[in-house]
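This report concerns only the one structure given below.
Any read-out appearing in this document is the output of simple, stated calculations on the displayed coordinates, not a laboratory observation. These numbers were taken from a predicted model, which means no experiment stands behind them. Ideal geometry is used to build each Cβ from the backbone, glycine not excepted, and the neighbour counts take in all protein chains shown.
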Amino acid sequence: MLVLSRKIDESVIFGPNLTCTATVRAVKYNAVRLLISQVPPDVVLSTKTKTIVSSGEPMEFVVKRDQCLTVEFREQGGKVQISFVESRNDKSRLAIDTPKDWPAHRLEFYDAISGEAKRES
């Protein structure tokens, strides 16, 4: 499990091929609003109150404290859980639980790593 602090408009990239992005849109004392984008079609996203099958379009979810957003990749046989741990001022702490071989990164770190790899090749 990876725990990250994210401010508004900061993102996390995750998934079997690092295809999905969760961006913090708003932070409140007991909840965070996440924009989930770049999700392949037919992936199931669910919280305690709603379940949606992805059409490939960006979607927003509100995740309350000690609850999670589950992103289930049926074709790849795994799921990712994003939990809201706490908030401090304009930051949220998110816990991301992925299958062992699926990475999750802060988007800015992923961009730096992939940019460095492109320069070396």
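Pull out a ≥ b ≥ c, the square roots of the eigenvalues of the alpha-carbon gyration tensor of segment 30-100, then state rounded if a/c is under 1.5, prolate if not and a/b is larger than b/c, and oblate in the remaining case.
prolate
Straight-line reach only, C-alpha to C-alpha below 19 angstrom: list the aspartates and glutamates that K48 could link to, leaving out same-chain residues fewer than 8 apart.
Excluding near neighbours in sequence, the set is E60, D66, E72, E86, D97.
Quick check on the chain: helices-only [θ] at 222 nm, where DSSP H runs of length 4 and up contribute -39,500 (n - 2.57) each and the sum goes over total residues. Nearest 500, please.
Using -39500 (n - 2.57) per qualifying helix, the result is -3500 deg cm²/dmol.
So which lysines can K50 reach, going by Cα to Cα under 18 Å and dropping same-chain residues fewer than 8 places off?
Within the straight-line limit of under 18 Å, K50 reaches these lysines: K64, K79.
Just to be sure I understand: with springs between alpha-carbon atoms less than 10 Å apart, which residue in K28, K48, K100 has the highest mean-square fluctuation in the Gaussian network model of the chain?
The residue that fluctuates most here is K100.
For a Förster distance of 30 Å, can you work out the FRET efficiency between the beta-carbons of E57 and N89, rounded to the nearest 0.05?
0.45
Over what distance in Å are the Cα centres of segment 64-115 and segment 1-60 separated?
If we compute the Cα centre of each part, the gap is 8 Å.
Could you work out the relative contact order of the chain? I mean the mean sequence separation of Cα pairs under 8 Å and 6+ apart, divided by the number of residues, in percent.
For the chain, the relative contact order is 28 percent.
Using a/c under 1.5 as the rounded threshold, could you call segment 63-120 rounded, prolate or oblate? The axes a ≥ b ≥ c are square roots of the C-alpha gyration tensor eigenvalues, and prolate needs a/b larger than b/c, oblate otherwise.
Cα axes put segment 63-120 in the oblate bin.
Using the crude model of +1 on Lys and Arg Cβ and -1 on Asp and Glu Cβ, and no other charge, please compute the dipole size for the chain relative to its Cα centre, in debye to 20.
About 520 debye.
Two-decimal Rg/Rh of the chain from alpha-carbon positions, Kirkwood Rh?
0.97
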